[in-house]
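Have a look at the structure below before the remarks.
The values are calculated or read from the model by the stated rules, or taken from the named source; none is laboratory data. Source: prediction; values computed, not measured. With ideal geometry, Cβ positions are generated from the backbone for all residues, glycine too; neighbour counts draw on all protein chains shown.
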Amino acid sequence: MRNFAFVIGGTGMLEGVCHWLTNEGYDVFVIHRDIDKFESMRSRGIHPEKLFPISVDYHDDKALQISFRKAIKQYGKCPDLIVSWIHNSAPNALSIILKEVRPRTHPWKLIHVQGSSSFFVKENTSIPDSCEYRRVYLGFSLEKENSSWLSNDEIANGVIKVIKRDFKETVIGTLKPWSRRLS
């Protein structure tokens, strides 16, 4: 049986995750807003035939629900893995997606990638019983007197490490000292 994944943010900082998943045997549906960016990302992979576009702005709740439902119907089953990088400006997007994968009888994973400030906020996402929830916080890099945001490769490699090692919660980069964080 083939593995099936959704990646939200796959044409940007999670591109490396998409390519790694296809190398691991996954068929990957990539939620994106720009088909040209998706096609460019797809062309850089070893297995472009395993990358499928879902062209939708996840800020549009109804369009997201319809697109996600259509992809599940097209594939014939719910995803085994969802890797989600959704900006706080779309507060309903993740819950809409999670409603579409209920009810499930077999376990599946959600890798929930969040910005550094989310580390200090109480998360209240309702997770289905069959979901193995993993949380990833994006910190920053710190070298001597300078700090910088993480590169797309650092982020993708950190998320891949979470998937491989099954970390329940992790920080990529650092969150300390918070006063050194770029604003």
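A few remarks follow.
- Residue match in region 116-127 (condition: at pLDDT below 80, surrounded by 15 or more Cβ atoms within 10 Å (Cβ to Cβ) and hydroxyl-bearing (Ser, Thr, Tyr)): yes
- Matching residues in region 154-183 - criterion: being in contact with a helix residue (DSSP H, G or I) (Cβ under 6 Å, 6 or more places away or on another chain) and within 18 Å of GLY12 (Cβ to Cβ): ALA156, VAL159, ILE160, ILE172
- Of all residues in region 89-103 being assigned to a loop (DSSP other than H, G, I, E, B) and within 17 Å of the chain's Cα centre (by Cα), the one that is modelled with the lowest pLDDT: VAL101
- Of the residues making up region 155-168, those that are surrounded by 19 or more Cβ atoms within 10 Å (Cβ to Cβ) and either closer than 17 Å to MET41 by Cα or acidic (Asp, Glu) (or both) are ILE155, ALA156.
- ASN152 falls short on exactly one of the conditions (1) without any contact (Cβ under 8 Å) to a residue 40 or more places away in the chain; (2) surrounded by fewer than 17 Cβ atoms within 10 Å (Cβ to Cβ); (3) farther than 19 Å from ILE82 by Cβ, and that condition is (1).
- Among the residues of region 74-88, those identified as within 15 Å of the chain's Cα centre (by Cα) and touching a residue at least 60 places away in the same chain (Cβ under 8 Å) are PRO79, ASP80, LEU81, ILE82, VAL83, SER84, TRP85, ILE86.
- Only one of the listed residues (PRO128, PRO107) is touching a residue at least 12 places away in the same chain (Cβ under 8 Å) and in contact with a Ser or Thr (Cβ under 8 Å, 6 or more places away or on another chain). That residue is PRO107.
- Only one entry of ALA71, ALA5, ALA93 meets the criterion of being more than 23 Å from SER116 (Cβ to Cβ), buried (at least 21 other Cβ atoms within 10 Å of the Cβ), in contact (Cβ under 8 Å) with a residue 12 or more places away in the chain and of a type in the set (A, V, I, L, M, F, W, C), and that entry is ALA5.
- Checking each residue in region 1-18 for being assigned to a loop (DSSP other than H, G, I, E, B) and either over 11 Å from the mean Cα position of the chain (by Cα) or on the phi < 0 side of the Ramachandran plot (or both) picks out MET1, ARG2, GLY10, THR11, GLY12, MET13, LEU14.
- Qualifying residue in region 76-88 (condition: among the β-branched types (Val, Ile, Thr), assigned to a loop (DSSP other than H, G, I, E, B) and surrounded by fewer than 17 Cβ atoms within 10 Å (Cβ to Cβ)): no
- Every residue from region 37-52 that is in a strand (DSSP E or B) and surrounded by fewer than 19 Cβ atoms within 10 Å (Cβ to Cβ): PHE52
- Selection status of GLU154, part of a strand (DSSP E or B) and acidic (Asp, Glu): no
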